[in-house]
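Everything on this sheet refers to the single structure shown next.
The values are calculated or read from the model by the stated rules, or taken from the named source; none is laboratory data. The shown structure was predicted, so the numbers you read here are calculated from the model rather than taken from an experiment. So basically every Cβ, Gly included, is an ideal-geometry build from the backbone, and we count neighbours across all protein chains shown.
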Amino acid sequence: MKDRGEAMGEARHALLADGTTVRIRAALGSDHEAVRGLYEAMSAENLRLRFFGLSRSSARTAADRMCGAARPGHHGLLAEAEGTLVGLAEYERTADKDRAEIALAVSDAWHHRGVGTLLLEHLVSAARREDISAFTADALSENHEMLKVFADLGLRTARHFDGPEVHCTVQLSQDEDYLAAVEERGRAADVASLVPVLRPRSVAVAGAGRKPGSVGRALLHNLRSGSYTGSLYVVHPHAASILGVHAAPTVSALPQVPDLVVVVVPAGEVGKVAEDCGAAGVRALLVISAGLDAAQAATLLETCRTYGMRCVGPNCLGLANTDPSLLLDATFVATRPQPGTAGVAVQSGGVGIALLGGLARLGIGVSTFVSLGDKYDVSGNDLLQWWESDEHTDLALLHLESFGNPRAFSRTARRVTRRMPVLTVDAGRTEAGRRAAASHTAAAATRTMTRRALFTQAGITATRTVPELLGAAALLHAQPLPRGGRVAVVTNAGGAGVLAADACAEAGLTIPQLSGELIDVLLSVLPPGATATNPVDATAAVSEGELRACLDTIAASDTVDAILVALVPTAVSAATGDDLVLSLTRAPGRRRTRTVAAVLLDQAEPVRLLPGDGGRIPAYADPQTAARALAHAVTRSRWLARPPGTVPVLADTDPGRATEVVETYLTGHEDGGWLDPRTCAELLDCYNIPQLPWAWAETEDDAVLAADRLRGPDGLVVLKAHWPGLLHKNQQRAIHLDLRGDAQVRAAFRDFETRFAGLLTGVVVQPLARRGIELVAGVVQDAVFGPLVLFGLGGTATEVLADHAARLAPLTDHDVHDLITAPRCAPMLFGHGGEGPVDLEGLEQLLLRLSRMASDVPQLAEADLNPVLAWAGGVTALDVRVRLAPASAHDPYLRRLR
């Protein structure tokens with residue numbers, strides 16, 4: 001029998017409602033006395049509520065059950081804070097195999113901090129892995145706190161009252177209500193844990209040198225000169241003060257325990273400093289130090305978890321909070337972040353400096369800045385939740401090189417992006433070292449595609465470079481969102497207008513033809529010689545007043561959603577460059593209903609914000625940057641206009657049988673591998689994924705009999721060779737098409753036997769497929785991001801044309817629609833070419849079922865359906881390849897720290 005700890009998995013750390021860190025692990029036999037002690041330390045009233053009465057033997061009996069020998073159907077979990085047992089929960093499977101009875105107990109001193117709820121969440125996750133669908137529990141009807149814990153879980157709970165007792169049944173189905181409840185509890189706990197990080201009442205710097213030039217001294221200088229409103233100290237073994245700040249040799253010797261300690265010591269000393277901080281009661285660390293080896297890194301993280309400290313870094317630039325009530329600048333950047341409403345989180349210190357400098361030039365201030373560095377603990381997901389709760393932030397900028405829990409990040413980002421723009425630089429687009437792909441799907445599913453799927457589904461504005469990010473941020477910060485992608489280009493030079501119009505078209509925007517009525521009005525306000533088609537050429541002679549009248553007229557019409565003004569300096573006295581800029585910034589209030597951006601071809605900076613009475617207007621040095629910024633704004637507008645998607649409920653699926661198929665295969669193939677055709681078909685049948693009829697033949701006679709049975713009206717069949725590991729049949733010439741009559745079938749089979757002697761294990765016989773559009777649909781299980789569903793043009797040209805789109809599972813109704821419409825071949829699916837649309841509903845169902853299968857079966861490493869044939873009357877997979885690999889079920893939404 002497995003060790004109890006192995007059965008329950010490794011210990012996990014998680015946050016309570018007040019931000020305290022607890023360790024959740026399996027109960028062991030050695031925990032018997034601690035469990036008994038927790039019960040015996042309870043008040044008489046709590047013992048009565050727990051055991052329905054008072055008995056000296058109750059505590060021992062409960063400890064015996066929790067910590068006895070491991071047995072099937074029983075799981076026990078403990079919650080510890082700094083090594084002290086603070087709560088426990090367990091379930092025992094009942095005679096009704098899909099149900100389990102649960103018990104829960106929390107130390108008196110730890111009530112109302114979320115211990116019981118957190119334990120139940122972890123117990124629910126464990127029970128689902130064991131195919132338990134409901135918990136049952138009995139409680140006294142006066143035990144209001146326990147009944148409230150069950151009611152607030154977010155799961156469907158039924159109560160049955162029987163005298164003084166109430167019997168509760170909790171259904172464990174993971175629906176959106178439960179995930180939302182878990183998210184909300186996680187957000188509140190996360191934000192509470194970050195208060196000592198981002199709003200510390202006291203800060204100490206460990207490692208501020210006495211000699212000028214050190215990083216620690218520079219950081220202390222920024223803290224001191226930035227007018228930090230809290231208490232500031234230095235930890236130094238010899239100095240009494242540094243830069244006029246009181247110093248003590250150890251953290252415990254300081255006048256008070258600081259909320260946050262900034263660690264700027266050599267890598268070899270970080271562990272000792274962290275241990276001293278934890279023992280003294282410090283709640284958070286900001287580790288600037290770099291160069292930690294694997295052992296030092298593990299020690300730092302373990303120390304933080306043991307003492308419940310949150311940690312930023314190591315190897316980072318620092319953090320800042322510009323709130324006037326705090327004025328915290330714990331960075332060593334040369335220029336202090338200016339107060340404002342943009343939240344910034346980066347991994348790279350260099351990118352952080354570039355972003356801060358660019359935002360300063362734009363006049364966009366920062367609410368909080370966090371350099372995450374190596375990101376041992378505090379992550380971009382943490383910062384998103386902080387900004388969501390922070391009344392000072394309305395714009396979020398991220399630069400993340402890695403993701404700890406992408407699916408949790410995606411859910412958080414989907415929520416936050418409905419409140420504020422979230423922008424990122426898509427770092428690592430050309431990642432080297434991607435493993436050699438085996439299937440068509442895996443070849444197409446690059447890490448770039450995976451990241452883009454994450455950003456698209458979460459509503460994140462992903463740019464290619466830092467300048468592009470700043471350009472998009474300037475527009476999103478200063479201008480209203482356009483309602484659509486129709487743009488009017490107004491210029492004082494025809495060539496500049498053409499460049500701007502081309503840039504818009506390349507960015508996916510449209511330059512609509514203006515109406516005759518609007519053209520007449522524009523010509524009446526512009527100088528002679530102007531043209532009022534789109535682009536509108538106002539000529540070099542245009543004055544400030546004429547240009548303003550032109551813009552007002554366009555803005556008042558419903559013809560366009562945005563206006564791009566492309567200006568060049570001229571020597572015409574009627575309108576200097578400054579005059580034209582003034583015409584943009586002195587805008588009447590009604591123009592605020594249209595998005596306005598400018599291209600000033602003579603300006604040196606890539607983008608700047610022009611201040612004015614009618615609101616600030618972003619001005620770009622080149623039309624491409626301006627057009628991309630407008631395109632990002634249009635994408636965000638459309639994303640906000642669409643309601644959140646839902647994951648459809650699918651009928652006719654059998655995940656239990658799928659699990660049996662997978663486990664049976666992996667029992668005989670411990671390292672996994674590519675499934676044979678029969679096992680592939682069996683797995684797909686569990687999710688009702690349509691496949692072309694087929695038969696397996698291991699002899700020439702079997703092939704003939706199968707062909708006779710499967711021939712369609714045209715009398716033609718197909719033979720496909722098979723052996724373990726065969727993936728690309730066309731490359732191996734392992735397929736014979738258009739076989740008519742027994743003689744051709746026999747000849748094809750013999751050809752396979754001759755050419756693939758020693759390899760061939762059998763052949764697949766199928767009827768020749770009807771005409772249709774050949775597509776590819778597949779799944780790749782990414783170790784970090786989870787399953788990625790890919791769709792696009794299939795057949796032999798799938799890798800050559802690379803016409804694919806991808807989304808992360810589980811797919812929502814919106815995701816599957818986007819998958820079908822995103823590839824360049826999409827017009828063919830909707831009937832372009834005269835043959836009418838294919839079975840779009842059937843195609844949606846196939847993708848949704850692939851998504852469900854990938855979500856249910858973590859061992860599904862790759863699935864490649866190529867080609868998938870689509871026509872007006874249906875959808876079917878002609879060829880299927882599936883690879884399984886050993887993997888344990890992972891709950892991506894379970895609350896836990898990294």
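Points to keep in mind about this one:
A quick yes/no check of all residues on (1) among the charged types (D, E, K, R); (2) touching a residue at least 24 places away in the same chain (Cβ under 8 Å):
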residue	(1), (2)
His736	no, no
Gln744	no, no
Ala747	no, no
Arg755	yes, no
Leu768	no, yes
Glu774	yes, yes
Asp782	yes, yes
Pro787	no, yes
Leu840	no, no
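- Segment 864-892, residues that are within 30 Å of His669 (Cβ to Cβ) and not hydrophobic (A, V, I, L, M, F, W, C): Asp864, Asn866, Pro867, Thr876, Asp879, Arg881, Arg883, Pro886, Ser888, His890, Asp891, Pro892
- Positions within segment 680-717 being part of a helix (DSSP H, G or I) and among the hydroxyl-bearing types (Ser, Thr, Tyr), in sequence order: none
- Exclusive hit being modelled with pLDDT under 90 and at negative phi, set Asp751, Asp714, Asp702: Asp714
- Residue list for segment 284-295, filter: in contact (Cβ under 8 Å) with a residue 12 or more places away in the chain and either surrounded by fewer than 24 Cβ atoms within 10 Å (Cβ to Cβ) or on the phi > 0 side of the Ramachandran plot (or both): Ala290, Gly291, Leu292, Asp293
- Gly380 being within 13 Å of the chain's Cα centre (by Cα) and either at pLDDT below 95 or over 23 Å from Phe785 (Cβ atoms) (or both): yes
- Taking the criterion of being among the polar types (S, T, N, Q) and under 23 Å from Pro618 (Cα atoms), the residues of segment 336-367 that qualify are Gln338, Thr341, Ser367.
- Whichever residue in segment 166-194 is within 21 Å of His111 (Cβ to Cβ) and in contact with a strand residue (DSSP E or B) (Cβ under 6 Å, 6 or more places away or on another chain) and, among such residues, is surrounded by the most Cβ atoms within 10 Å (Cβ to Cβ): Ser193
- Strands (runs of 3 or more DSSP E) within segment 746-842 that include 1 or more residues closer than 27 Å to Asp175 by Cβ: 773-782, 786-793, 804-808
- Residue within segment 156-165 that is surrounded by 19 or more Cβ atoms within 10 Å (Cβ to Cβ), of a type outside the set (S, T, N, Q), in contact with a strand residue (DSSP E or B) (Cβ under 9 Å, 6 or more places away or on another chain) and assigned by TED's automatic domain parsing to the domain that holds Glu33 present: no
- Hits in segment 582-617 - residues which are at pLDDT 85 or above and under 19 Å from Val542 (Cα atoms): Val596, Ala597, Ala598, Val599, Leu600, Leu601
- Of all residues in segment 198-206, at least one satisfies being assigned to a helix (DSSP H, G or I) and either in contact with a strand residue (DSSP E or B) (Cβ under 8 Å, 6 or more places away or on another chain) or at pLDDT 95 or above (or both).
- Residue identified as modelled with pLDDT of 95 or more, assigned by TED's automatic domain parsing to the domain that holds His111, small (Gly, Ala, Ser) and surrounded by fewer than 18 Cβ atoms within 10 Å (Cβ to Cβ) among Gly37, Gly53: Gly37
- Filtered by the rule that a residue be in a loop (DSSP other than H, G, I, E, B) and under 37 Å from the mean Cα position of the chain (by Cα), segment 142-182 gives Asp152, Leu153, Gly154, Leu155, Arg156, Leu172, Ser173, Gln174, Asp175.
- Some residue of segment 90-99 being out of contact with any His (no Cβ under 9 Å at 6 or more places or on another chain) and part of a strand (DSSP E or B): yes
- Every condition in (1) of a type outside the set (A, V, I, L, M, F, W, C); (2) farther than 25 Å from Leu850 by Cβ; (3) surrounded by 16 or more Cβ atoms within 10 Å (Cβ to Cβ); (4) at pLDDT 95 or above holds for Tyr687 except the one numbered (2).
- Matching residues, segment 529-548, being more than 16 Å from Thr570 (Cβ to Cβ) and either touching a Cys at 6+ places or on another chain (Cβ under 9 Å) or surrounded by fewer than 18 Cβ atoms within 10 Å (Cβ to Cβ) (or both): Thr531, Ala532, Thr533, Val536, Gly545
- Filtered residue count, segment 311-341, keeping only those that are over 14 Å from Glu401 (Cβ atoms), of a type outside the set (D, E, K, R) and not in a strand (DSSP E or B): 14
- Once segment 342-389 is narrowed to residues that are in contact (Cβ under 8 Å) with a residue 60 or more places away in the chain and assigned to a strand (DSSP E or B), the residue that is nearest to Ser289 (Cα to Cα) is Val370.
- Matching residues, segment 823-877, being over 30 Å from Ser888 (Cα atoms), in contact with a Phe, Trp or Tyr (Cβ under 6 Å, 6 or more places away or on another chain) and surrounded by fewer than 23 Cβ atoms within 10 Å (Cβ to Cβ): Pro837
- Residue count for segment 332-341, restricted to those that are without any contact (Cβ under 8 Å) to a residue 60 or more places away in the chain and not hydroxyl-bearing (Ser, Thr, Tyr): 5
- In summary, Ala822 fulfils each of the numbered conditions (1) at pLDDT below 90; (2) farther than 15 Å from Val875 by Cβ; (3) small (Gly, Ala, Ser) with the single exception of condition (1).
- The set of residues in segment 111-134 being touching a strand residue (DSSP E or B) at 6+ places or on another chain (Cβ under 8 Å) and in contact (Cβ under 8 Å) with a residue 40 or more places away in the chain consists of Val115, Leu118, Leu119, His122, Leu123, Val124, Ala126, Ala127, Glu130, Ile132, Ser133.
- So Leu317, is it crowded, with 19+ Cβ neighbours inside 10 Å, at pLDDT 95 or above and in contact with a Leu (Cβ under 7 Å, 6 or more places away or on another chain): no
- Test set (1) surrounded by fewer than 15 Cβ atoms within 10 Å (Cβ to Cβ); (2) in contact (Cβ under 8 Å) with a residue 24 or more places away in the chain; (3) of a type in the set (Val, Ile, Thr) - Thr84 fails condition number: (2)
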